[in-house]
Amino acid sequence: MSDIIHLLPDSVANQIAAGEVIQRPASVLKELVENSIDAGAGFIQIVIKDAGKTLIQVIDTGKGMTETDARMAFERHATSKIKEASDLFSIRTMGFRGEALASIAAIAQVELHTRRVEDELGVMVEIAGTRVFKQETIHCDTGTSFSVKNLFFNVPARRRFLKSDNVEKSHLLNEFYRIALVNPEVEFSFFDGEEEIYHLHPSNIKMRIENLFGKNLKKRLQQQLLTIETTTNLVTINGFVGKPEFVQKSPYQYFFVNGRYMRHPYFHKAIMLAYNQLIQPSESPNYFIYFEVDPECIDINIHPTKTEIKFENEQAIWSILNATVKEALGKFNIIPSIDFDQEGAPEILVNKSIENILPPQTSFNPNYNPFHTTSYHRPDMDWEKLYKGFEQKKEIQTNEQSDIKENEFLTQHTETGNEQQTIETEDVVSAMNFQLKNKFIITSIKSGMLLIDQHRAHVRILYEMFLNQIENKKGLAQQVLFPEVLVLDADHSLYFNQIKSELLKAGFDFESTEADTYNVTAIPSQLGSVSVIDLLHEMIANVKQTEQNPVYTLHDSLASTLAQAAALKSGHTLTKEEMNNIIDKLFACSNPNFTPDGRIIFSVITNEEIQSKFR
Ligand code: ADP
Ligand code: MG
């Protein structure tokens with residue numbers, strides 16, 4: 001039998017590959033304008049005809065190309081932006097794959113004019129279906145102009161696949177918005193046929209938003225947006241969120257990271273939760289949010305047309321974002337202030353360096369980074385151990401400043417407690433605590449008053465405990481006298497088998513009676529009187545969801561569901577011991593500030609605030 005495998009000619013291979021990068025006129029616009037941004041252009045002009053189907057032209061005042069580069073640019077994997085694999089982790093440019101021009105040239109007729117400032121003459125290249133038709137030196141302005149004509153001229157099936165002009169035009173505009181919003185210092189002009197529909201002068205982000213969207217909004221955007229800004233060692237977040245009274249049916253919602261548009265359903269949720277109860281569930285606020293992170297901490301290398309970006313510290317950034325938005329809303333007195341207090345409130349803690357963190361957090365380990373939510377190996381602390389530290393402190397008080405700091409939390413309890421020097425552990429706590437409305441624990445600290453949401457605190461404590469059990473060891477199991485029966489359908493049975501070993505570690509035990517049917521013979525002893533079968537179904541459903549939208553890890557999801565179910569609820573009257581226990585365990589947690597889903601656990605009311613009430 002003769003051999004039948006052969007290599008495809010370049011033109012065919014490129015055409016196939018082009019399908020990945022170029023799906024519609026908007027993809028061409030995106031690639032060309034991003035190249036202009038990367039070339040440092042101060043002015044970019046865009047011209048489209050017939051919704052980009054006959055022409056997309058992008059003219060820029062960027063750095064231009066040499067004659068050789070102008071030809072090279074159309075080769076597949078030809079790029080000036082990265083050199084080696086390690087560069088992938090420090091990408092600051094929009095492009096880096098070196099695929100766009102090769103793809104465009106495979107499925108359209110392209111004309112390139114380009115000249116660098118230092119060159120007297122420019123160069124012109126004409127290329128279509130990967131074949132170069134013309135290349136010559138020309139007189140032209142500095143910068144680069146790409147004309148892309150008759151998109152998919154040689155792939156009729158794809159051309160037919162294009163949508164109506166209106167739909168394609170709206171895709172084009174959306175790509176344009178995404179780039180214009182994150183490059184406000186660049187001047188843009190956008191022509192649809194003969195008509196200039198946008199001329200955006202260099203400005204700041206707020207003006208850029210107003211210039212792009214102002215006329216579509218009921219009132220001036222300026223009045224509708226609240227500024228957010230926060231800087232932490234993980235991330236810098238800047239931008240604007242809409243005031244709750246200005247929600248729209250189809251809101252403007254934009255995330256950018258390091259100058260690049262992204263979609264991020266998980267962060268979207270952080271924002272929506274911050275608006276919880278301020279807007280109707282069917283409404284959605286405007287937001288324009290700009291993240292800056294170390295390029296090493298994100299993965300943008302997923303797919304050329306995908307806008308999802310993976311963050312290394314997604315959960316911590318989620319919490320910071322959520323707190324930042326809440327804070328912005330709170331500053332405008334929109335939410336009752338108990339949820340997130342002004343200065344000294346937990347969200348501020350997140351933003352400050354470790355030294356500035358308030359007593360409850362630094363008291364146990366000043367070097368601890370609260371964002372390291374992945375490491376849960378922190379030993380459980382109890383008051384005896386803390387008390388030991390306190391004793392030590394008294395012995396070395398005169399010469400060891402750092403140790404004094406280490407025990408600040410206790411010292412502060414002592415100081416506020418009638419300046420007593422010898423204080424019993426229990427007194428320190430119980431003398432200071434009481435419960436408010438069966439919902440909050442209030443305790444006195446040096447800088448004022450600490451309000452702890454008892455349910456959320458317990459969720460955090462149990463979450464870390466369950467997570468630790470699932471990841472490290474077997475949890476305490478409690479045998480069940482009369483096992484309940486778990487019956488699963490085939491789909492859920494698959495997911496159940498996926499998490500079964502984790503459930504065993506958490507303290508569950510099962511006995512399989514027949515296919516997809518289990519007796520639940522043991523449950524984690526901390527679970528109390530929850531409905532076990534409902535809980536198991538909920539965990540399976542959550543795991544399924546986690547798989548489809550993997551923002552939480554499997555372990556997170558299980559631990560979080562267990563913790564939510566087992567945590568004591570608001571409305572539960574607490575004994576002194578229970579309150580002590582919660583405070584004790586909460587501040588031994590690796591992140592006492594937030595629940596696993598990012599809600600604030602405690603709030604500080606400062607001495608000044610209390611004083612101000614009596615002026
Ligand atoms: P990438 O942007 O991933 O590098 P492209 O195929 O989009 O790949 O572009 C290939 C190369 O062509 C770029 O790396 C750049 O050097 C050059 N180039 C493309 N567009 C321009 C432009 N408008 N101005 C200057 N150089 C450009
Ligand atoms: Mg590019």
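Highest mean packing comes first when the peptides 481-493, 446-458 are listed by Cβ atoms within 10 Å, giving 446-458, 481-493. The slack in the chain from Glu194 to Ala515, taken as 0.36 nm per residue of separation less the alpha-carbon distance, amounts to 108.6 nm. Remark: the Thr68-Ser86 segment gains 3.9 nm on full extension, using 0.36 nm per residue and subtracting the alpha carbon distance. Oblate is the label for region 59-145, because a/c, from the alpha-carbon gyration tensor with a ≥ b ≥ c as root eigenvalues, is 1.5 or above and a/b does not exceed b/c. Look at the dipole of region 153-300 built from charges on Cβ: of Val293, Leu200, Phe176, the Cα furthest out on the positive end belongs to Phe176. Counting only Cβ charges, +1 for Lys and Arg and -1 for Asp and Glu, the dipole size of region 451-550 around its Cα centre is about 460 debye. Remark: accessible surface ordering of Leu7, Leu321 (largest first) is Leu7, Leu321, probe radius 1.4 Å.
Sequentially through region 38-54, phi angles give Karplus couplings (6.51, -1.76, 1.60; θ = phi - 60°) of 4, 7, x, 5, x, 9, 10, 10, 10, 10, 10, 10, 6, 6, x, 6, 9 Hz, Gly and Pro residues having no value and appearing as x. When both bridge partners sit in region 215-331, DSSP labels roughly 75% of those beta bridges antiparallel. Shape class of region 1-134 from the alpha-carbon gyration tensor: prolate, with a/c at 1.5 or above and a/b greater than b/c. A simple packing score, the average count of other Cβ atoms within 10 Å per residue, orders the peptides 143-152, 233-242 as 143-152, 233-242, with the highest score first. For the cross-link pairs Lys331/Lys439; Lys63/Lys149; Lys53/Lys310; Lys473/Lys569; Lys206/Lys613, the ones whose C-alpha atoms lie over 30 Å apart are Lys53/Lys310; Lys206/Lys613. Other residues lying with their Cβ under 13 Å from the Cβ of Val532 contribute a combined charge of -4, Lys and Arg counting +1, Asp and Glu -1.
Which whole-number percent is the relative contact order of region 231-307 (Cα, under 8 Å, 6+ apart)? Computed value for region 231-307: 49 percent relative contact order. What the phi angles of region 461-466 give under the Karplus curve with 6.51, -1.76 and 1.60, with θ = phi - 60°, is a coupling list of 4, 5, 4, 5, 5, 5 Hz, glycine and proline written as x. Close amide H contacts of Val480 (hydrogens built in the peptide plane, cut-off under 5 Å, sequence separation of 5 or more or a different chain): Ala522, Ile523. Grab the beta carbon distance between Ser531 and Ser612, set R0 = 30 Å, and tell me the FRET efficiency rounded to 0.05. Given R0 = 30 Å and the Cβ-Cβ separation, E is 0.05. The slack between Lys134 and Leu8, meaning 0.36 nm per residue of separation minus the straight C-alpha distance, is 42.9 nm.
Modelled this way, with points 7 Å down the Cα-to-C-beta line, the labels at Arg263 and His77 are 2.9 nm from one another. Which shape class, rounded, prolate or oblate, goes with region 124-195 when its Cα gyration tensor gives a ≥ b ≥ c as root eigenvalues, a/c under 1.5 marks rounded, and past that a/b bigger than b/c marks prolate? Oblate shape, in that a/c is at least 1.5 and b/c is the bigger or equal ratio.
The values are calculated or read from the model by the stated rules, or taken from the named source; none is laboratory data. Everything quoted here is computed from the prediction, not taken from an experiment. When we count neighbours, we look across all protein chains shown, and the Cβ atoms used for this are built from the backbone with ideal geometry, even at glycine. Note: areas computed on protein heavy atoms with side chains; ligands, DNA, RNA excluded. Shrake-Rupley method; radii C 1.70, N 1.55, O 1.52, S 1.80 Å.
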